[in-house]
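*Asks:* The structure is given below, and queries will be raised subsequently.
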Protein chains: 2
Amino acid sequence: MADQNTPPTAQLAHATLHDQVSSSQVSKAEFSDRVLIRSIVSRPDGGAGLAGQRLRIGGWVKTGRKADKDAFAFLELNDGSCPGNLQVIVEADKADLGQLVPTGTCVSVDGLLKLPPAGTKQKVELRVENVLHVGPVDPARYPLPKTRLTLEFLRDFVHLRPRTNTISAVARIRNALAFATHTFFQKHGFLYVHTPIITTSDCEGAGEMFQVTTLISEAEKLEKELIKNPPPSESDIEAAKLVVKEKGEIVSKLKSDKASKGEIGASVNVLKKAKENLLKLEERSKLKPGIPQKDGTIDYSQDFFARQAFLTVSGQLQVESFACALSSVYTFGPTFRAEHSHTSRHLAEFWMVEPEIAFADLNDDMNCAEAYVKFLCQWLLDNCLEDMKFMADKFDKSCIDRLRMVSSTPFERITYTKAVELLEEAVKKGKVFDNKVEWGIDLSSEHERYLTEVKFQKPVIVYNYPKGIKAFYMRLNDDSKTVAAMDVLVPRVGELIGGSQREERYDVIQSRIEEMGLPVEPYEWYLDLRRFGTVKHSGFGLGFERMLLFATGIDNIRDVIPFPRYPGRADL
Amino acid sequence: MADQNTPPTAQLAHATLHDQVSSSQVSKAEFSDRVLIRSIVSRPDGGAGLAGQRLRIGGWVKTGRKADKDAFAFLELNDGSCPGNLQVIVEADKADLGQLVPTGTCVSVDGLLKLPPAGTKQKVELRVENVLHVGPVDPARYPLPKTRLTLEFLRDFVHLRPRTNTISAVARIRNALAFATHTFFQKHGFLYVHTPIITTSDCEGAGEMFQVTTLISEAEKLEKELIKNPPPSESDIEAAKLVVKEKGEIVSKLKSDKASKGEIGASVNVLKKAKENLLKLEERSKLKPGIPQKDGTIDYSQDFFARQAFLTVSGQLQVESFACALSSVYTFGPTFRAEHSHTSRHLAEFWMVEPEIAFADLNDDMNCAEAYVKFLCQWLLDNCLEDMKFMADKFDKSCIDRLRMVSSTPFERITYTKAVELLEEAVKKGKVFDNKVEWGIDLSSEHERYLTEVKFQKPVIVYNYPKGIKAFYMRLNDDSKTVAAMDVLVPRVGELIGGSQREERYDVIQSRIEEMGLPVEPYEWYLDLRRFGTVKHSGFGLGFERMLLFATGIDNIRDVIPFPRYPGRADL
């Protein structure tokens, strides 16, 4: 739907996501026998209009307590479909109430929705008629008691933390942003391309890479095998050689004696077997424990891919090959950096969104980036408002206002040169930065945040950076000093997006590679895209977890990805 | 939108994908200055209704030829937005025609859409008024000439093969299936969870895994460093020890002489520095080239994650932890097997879709799998018919009929025991299988294909498999002989989906782990899901490339993934 006259966004949002629940019907969770708690408590009337309905509910107890001398129990039940809980009331004759009330208990019940007594917080409650299932919890052993736990503490329990209010809200927001990403690019006619995770190319030669190998496990396997079944000794081989010699002599003898064909044939077969045995022994005698070496270094021809392989740091170069054929494409997948960063902004495994557009220049690229970020913000406002309210309440009062501002305000666009001028002006007026400001520097986080948070108080796109601080593939501008790069800066996180128009001129990119001291050979395939049918093209990368930090107001990147990987930790 | 009363599928399909182009407007490619060729040639009238419009087009020449004594050139231009080309006519005064006609040339032009002379194949053609850009090709060097090339040949040019009709059609079909996947699960209230790629868990202990490490590169770095800056000799250390001793004596002397505080302080500082220097030398003297060892094996405490890490073989176990909190979830990402399979059905890196549903039993699981596969087939019929027609024409006459059949026919559901009976009957009637048929065997591909292609001639779900051939986490049935597993078999590929109800009973799963000789410790976190608030749950995995083989009729899995990885090959 690349037709600009019909914006299907709003319509699509309502057709696919589900914060708007207003019919008098509850929603059955499909491929399951229960009703979604969201379809009750997220209604504008809080579920009151559903009173009188009989239905089945399943979920986990957030808080439970016995009341009225243990005559019944109140359970706050959550099934992950929304931040809200459903209040469930179980009478003592229906179940062992003591087993029901611990936080974390799973229950599945049939019951009747009723209006609660006047003056209570909830708009509707479920009177249980039948308890179908209880998955109990021993509170003495459960690692996540009811008390408020720090996000840092929860990182030791990545398998249980989705049961907490914060991590489940983040999971729903993350899901919404992922689907919004696909929806945005599909809507604009982009094709999703799965770029490889295991790669033998190195994007920029910038980040430290993880190596992917089977050499170590193969060496360990061989070592075990050689202990169980030791290689032949020299005398074993000598003996086998002797056998070959003897059998050969027998053949010669039979031949010179003009023995029968049958006799000669049989002896030739015996000789053949002896030779095979010798060959096998000689082969085994060459086996050496340890990682295979050749000329003093590791012999990667024996690794799985017959060469050194790594985890990708970016899908950009590969996705460019699809853009130079299919025009508008994007990739959205995991990327990796083996850097020993222990900061709250770095992960060893993180997700990136990388669109690439043929027949597009830097201006088109900025238009796409701005439209995409706005779309994401509006999507959260349209589809995740309950979760965003939770984040505003618990983590960052301004997070909803920030989404509104970004989705509705045109981004400021300034050149790098202008940005440096503005920073220098600020310094003159007394602003203190830790890092020196002068033309040629890479803007640091404090500079970026000053521009977007203080100077403009809205997203800022800085473009045309000095070539010395940017990658070889960015298009050289006519001034020969800057390249057609751009960064999108947003309040709270600074750089959210980095992109550029790519250098499409064969001669220019080749000399840029040489100028930057990079080897040409690994990029020959990339140069082919310029050698054959080259096209003006542009793209960018958005760090998906950065977008989550921006949206949620969470401080540490380890809390916005389901299974964080960083130096020393890769749980599960 | 888990409300079953409003099926938003069709509506969504049209709101988001774009084979239906019928307005009198052409679609501008957004974030670019050209019009999509699809918006012209994929119209029901082939673009005739647009004659008279002036517009900008960009794309790559499929075939070009000069005509009328080189007075003009005919170019078949494709921009990847659809399988069809636009005929473009350039007169000799507009450009160097010789440079335009080679296959693979990129051109961007302004022109006027005109009705072609009667009797020609195309419904509209573009008369060029201005040539904006030419990205030339030297036909003598271009690896993909116009002649028909085999898919095997194209594998040596993964960076250029998206320009071919087949690989671009596959890319569009793959994109459509990916977005259909997200749309299906979002529509049914599932949350997309990014399970980790780097893992320290092993799902099933089944597949061979790739190791992820920085030990080798760190060892190489250290080796270089030690050559540049050799470790201290023993005499260096002895000398440093002597300095420490001397400086210590000076301190003692000053103290016993009751020297001034200043004097003593200065000498203590000198001593401190001497000690630091000694410590540094001792540390460096311990550095050994090579991969760090401890007690005769590799010391993984020094690896990036402080333990051995691998590439995931499945996200299932991890996504279960989210299902046991958020109810309905799915993961869709790359998975890895380090197996030396050189077949047309195996890759070292491939994509899997894995939903997981709480409060769902095997029957719910089968319902979900059937609905999902039907949805994918219908989506291709609704959104990719042009590409499917290309595949039917070039690769598999029956591929469109197959999609129609699968999307509209209820799947047959039979127990494993019944399946074995049917196979035994077939054998009695003279059917010859390479693999023996008897209760307890793992069905092989020939058995699966017999059931789906010959016996039922439609998709078949086989369920309740012998426990001995299935994984420990599958729920033990009351017969204690079978587990609640299911496989979806489809014509042409056999097994497309494998799934199960998971064992939610703590005692049972623990004894199953022991029974199968697996170590319990690595699964403690997984057992926690049963220890605390356990819930009935089910899920399955669909091999995404298998779905592509099924849909397209392509024979080799290496041709349905953008960058295939297999033993000996990982290009780019």
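Values in this text are rule-based calculations from the coordinates and carry no lab data. Keep in mind that this is a model prediction, so the values were computed, not measured. Cβ sites come from the backbone with ideal geometry, for glycine too, and all protein chains shown count toward neighbours.
*Asks:* Calculate how steeply helix B:215-228 sits against the longest principal axis of the alpha-carbon atoms of chain B, using the helix alpha-carbon long axis, and give the answer as 0 to 90 degrees to the nearest 10.
*Replies:* 60
*Asks:* I'm a student and want to see the number: the projected area of the Cα convex hull of segment B:28-94, averaged over all directions, in nm².
*Replies:* Working: hull surface 20.4 nm².
It is 5.1 nm².
*Asks:* Under 5 Å between amide H atoms, partner at least 5 residues away or on a different chain: which partners does A:Tyr566 have, H built in plane at 1.01 Å?
*Replies:* The list, which skips near neighbours in sequence, is A:Ala348.
*Asks:* Just want the answer: with Cβ charges of +1 for Lys and Arg and -1 for Asp and Glu, which residue in B:Val131, B:Thr200, B:Met486 is farthest toward the dipole's positive end in chain B?
*Replies:* Comparing the listed Cα positions along the dipole, B:Val131 ranks first.
*Asks:* Same structure again: Can you tally the net charge around A:Leu112? Count Lys and Arg as +1, Asp and Glu as -1, for every other residue whose Cβ sits under 14 Å from the Cβ of A:Leu112.
*Replies:* Result for the neighbourhood of A:Leu112: +1.
*Asks:* Test of understanding: what is the full-extension gain from B:Arg65 to B:Asp434, defined as 0.36 nm times their sequence separation minus their Cα-Cα distance? Numbers along the way, then the final one.
*Replies:* Working: separation 369, 0.36 × 369 = 132.84 nm, distance 5.34 nm.
So the chain would gain 127.5 nm between B:Arg65 and B:Asp434.
*Asks:* Tell me what the protein assembly as shown gives for mean residue ellipticity at 222 nm when only DSSP H runs of n ≥ 4 count, each as -39,500 (n - 2.57), the sum divided by the residue total, rounded to 500 deg cm²/dmol.
*Replies:* Values: 34 runs with 408 residues, N = 1144.
The helix contribution divided over the protein assembly as shown gives -11000 deg cm²/dmol.
*Asks:* How many nanometers, to one decimal and shortest first, lie between the label point of A:Asn165 and those of its other copies, if labels sit 7 Å from Cα toward Cβ?
*Replies:* Nearest to farthest, the other copies are at 6.1 nm.
*Asks:* Treat each spin label as a single point 7 Å out from the Cα along the C-beta direction, and report the B:Leu279 to B:Val454 distance in nm.
*Replies:* Output for this residue pair reads 7.7 nm.
*Asks:* Starting from the Cα-Cα distance between B:Ala92 and B:Ala239, subtract it from 0.36 nm times their residue separation and give me the gain in nm to one decimal.
*Replies:* On the way: separation 147, 0.36 × 147 = 52.92 nm, distance 8.52 nm.
Net length gain for the segment: 44.4 nm.
*Asks:* Specify whether the C-alpha gyration tensor of segment B:442-537 places it in the rounded, prolate or oblate class, a ≥ b ≥ c being the square roots of the eigenvalues: rounded for a/c under 1.5, otherwise prolate if a/b is larger than b/c and oblate if not.
*Replies:* Judged from the Cα gyration tensor, segment B:442-537 comes out prolate (a/c at least 1.5, a/b above b/c).
*Asks:* Lys and Arg at +1, Asp and Glu at -1: add these up for the other residues within a Cβ distance under 11 Å of A:Tyr300 and post the number.
*Replies:* Working: positive: A:Lys294, A:Arg307; negative: A:Asp299, A:Asp303.
Local charge sum for A:Tyr300: 0.
*Asks:* Among rounded, prolate and oblate, which fits segment B:58-131 when a ≥ b ≥ c are the square roots of the eigenvalues of its C-alpha gyration tensor, a/c under 1.5 means rounded, and a/b larger than b/c means prolate?
*Replies:* Numbers: a/c = 1.42, a/b = 1.07, b/c = 1.33.
Verdict is rounded for segment B:58-131.
*Asks:* While we're on this one: How far apart, in nm, are two points set 7 Å out from the Cα along the Cα-to-Cβ line at B:Asp156 and at B:Glu129?
*Replies:* About 4.6 nm, to one decimal.
*Asks:* Helix B:385-394 versus the longest principal axis of chain B: what is the Cα-based angle in degrees, 0 to 90, to the nearest 10?
*Replies:* Long axis of B:385-394 versus the principal axis of chain B: about 90 degrees.
*Asks:* Can you give me the distance in nm between label points at A:Glu249 and B:Thr147, each placed 7 Å from the Cα along the Cα-to-Cβ direction?
*Replies:* With each label placed 7 Å out from Cα toward Cβ, I get 5.9 nm.
*Asks:* Let me ask another. What full-extension length gain, to one decimal in nm, is calculated for B:Glu424 and B:Thr409 as 0.36 nm per residue of separation minus the Cα-Cα distance? Don't skip to the end; give the middle numbers.
*Replies:* Values: separation 15, 0.36 × 15 = 5.40 nm, distance 2.59 nm.
So the extension gain works out to 2.8 nm.
*Asks:* In addition: Which entries of A:Lys389/A:Lys429; B:Lys187/B:Lys481; A:Lys146/B:Lys536; A:Lys536/B:Lys94 have Cα-Cα distances beyond 28 Å here? Please list the in-between numbers first.
*Replies:* Working: A:Lys389/A:Lys429 38 Å; B:Lys187/B:Lys481 37 Å; A:Lys146/B:Lys536 24 Å; A:Lys536/B:Lys94 20 Å.
As for pairs spanning more than 28 Å Cα to Cα, those are A:Lys389/A:Lys429; B:Lys187/B:Lys481.
*Asks:* Can I ask one more? Taking the 0 to 90 degree range and rounding to the nearest ten, how far is the long axis of helix A:165-187 tilted relative to the main principal axis of chain A, both from C-alpha atoms?
*Replies:* Between helix and principal axis, roughly 70 degrees.
*Asks:* Name the trypsin sites (Lys or Arg not before Pro) in segment B:323-421 that are in a loop by DSSP and that have at most 16 other C-beta atoms within 10 Å, would you?
*Replies:* Qualifying residues, ordered by number: B:Arg345, B:Lys397.
*Asks:* Shape of the protein assembly as shown from its Cα gyration tensor (a ≥ b ≥ c, root eigenvalues): rounded if a/c is under 1.5, otherwise prolate when a/b > b/c, or oblate?
*Replies:* Values: a/c = 1.07, a/b = 1.02, b/c = 1.04.
Because its axes are fairly even, with a/c under 1.5, the protein assembly as shown counts as rounded.
*Asks:* Tell me, what is the FRET efficiency for B:Leu287 and A:Arg345 to the nearest 0.05, using R0 = 41 angstrom and their Cβ-Cβ distance as r?
*Replies:* Details: r = 31 Å, r/R0 = 0.76.
With R0 = 41 Å, the Cβ-Cβ based efficiency is 0.85.
*Asks:* Relative contact order (percent) for segment A:418-572, with alpha-carbon contacts under 8 angstrom and 6 or more residues of separation?
*Replies:* Numbers: 209 pairs, mean separation 24.5, N = 155.
Rounded, it is 16 percent for segment A:418-572.
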